[in-house]
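Asker: Mind looking over this structure? Questions follow.
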Amino acid sequence: MSGKSSMIVTALTAAALAAVGFLAYQASASAPDHTTAGKHPSASASPSPGKDKGKDGTDGKKTEVPVPPNSGEGERVVYSLGAKRVWLVTADGKIKRTFEVTPSSVSPAPGTYKVTSRSLKIPGSDGVPIEHVVRFTVVDGVVIGFSAAVDGSMPDPTNAKKKTGGIRETREDGTAMWDFALQPTKVVVVS
């Protein structure tokens, strides 16, 4: 009987090691390729708070773009549908970063959401490889979230052949979003 017990223990140990190996692989596959070591994301270094990166049509001069009124309090991501812009706001209400985005063909309703899941790199719903995916809701079966195309492309939502939920940002902005918007960071969508 001790031979059978030994075989059972060996089989259970092998199964446990296989499970641990699989979980370690999954963790490494979804681990960020960029983090702010030893700091909470809202405390990391960034471009001048409250300043745009010159993508506002000016000649590259930094312009302050305030957070929309009635967009909540505390640490949050604010997404303005009309302005096609995102603000990363720290717990003390300061703008960590703001940037323009390309909206998806399906938009979320104004309201307050939370980051529900994240993926480091996946194929986008339009077939383009994307990275730093931060999801926060589903509309009519379409998952909505922020992402950056690995090739840097920006889709034209008016010419989308199918419903997509990817709110595209540049790779640099995608990295900033990835470092900031951990689960369950609040996402506030305004008109």
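The values are calculated or read from the model by the stated rules, or taken from the named source; none is laboratory data. Bear in mind that the values here come from a model prediction, so they are computed numbers and not experimental data. Glycine also receives a Cβ, built like all others from the backbone with ideal geometry; neighbour counts cover every protein chain displayed. Surface accessibility is based on the protein's heavy atoms, side chains included, excluding ligands, DNA and RNA. Shrake-Rupley method; radii C 1.70, N 1.55, O 1.52, S 1.80 Å.
Here is a yes/no grid of residues against (1) more than 20 Å from Val190 (Cβ to Cβ); (2) assigned to a loop (DSSP other than H, G, I, E, B); (3) aliphatic (A, V, I, L, M); (4) at pLDDT below 95:
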site	(1), (2), (3), (4)
Ser104	no, yes, no, yes
Ser125	yes, yes, no, yes
Val133	yes, no, yes, no
Thr137	no, no, no, no
Pro155	yes, yes, no, yes
Lys163	yes, yes, no, yes
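Asker: Another question, then. Yes or no: Lys121 farther than 22 Å from Pro68 by Cα, open to solvent by 50 Å² or more (accessible area, probe 1.4 Å), modelled with pLDDT under 95 and of a type in the set (D, E, K, R)?
Answerer: Judged against the criteria, Lys121 is not a match.
Asker: Might you let me know whether region 158-179 holds any residue that is basic (Lys, Arg), open to solvent by less than 30 Å² (accessible area, probe 1.4 Å) and in contact with a helix residue (DSSP H, G or I) (Cβ under 9 Å, 6 or more places away or on another chain)?
Answerer: Checked region 158-179: at least one residue is basic (Lys, Arg), open to solvent by less than 30 Å² (accessible area, probe 1.4 Å) and in contact with a helix residue (DSSP H, G or I) (Cβ under 9 Å, 6 or more places away or on another chain).
Asker: Please specify each residue of region 104-118 satisfying the condition of being over 18 Å from Leu182 (Cα atoms) and buried (at least 18 other Cβ atoms within 10 Å of the Cβ).
Answerer: Scanning region 104-118 gives Ser104, Ser105, Val106, Pro108.
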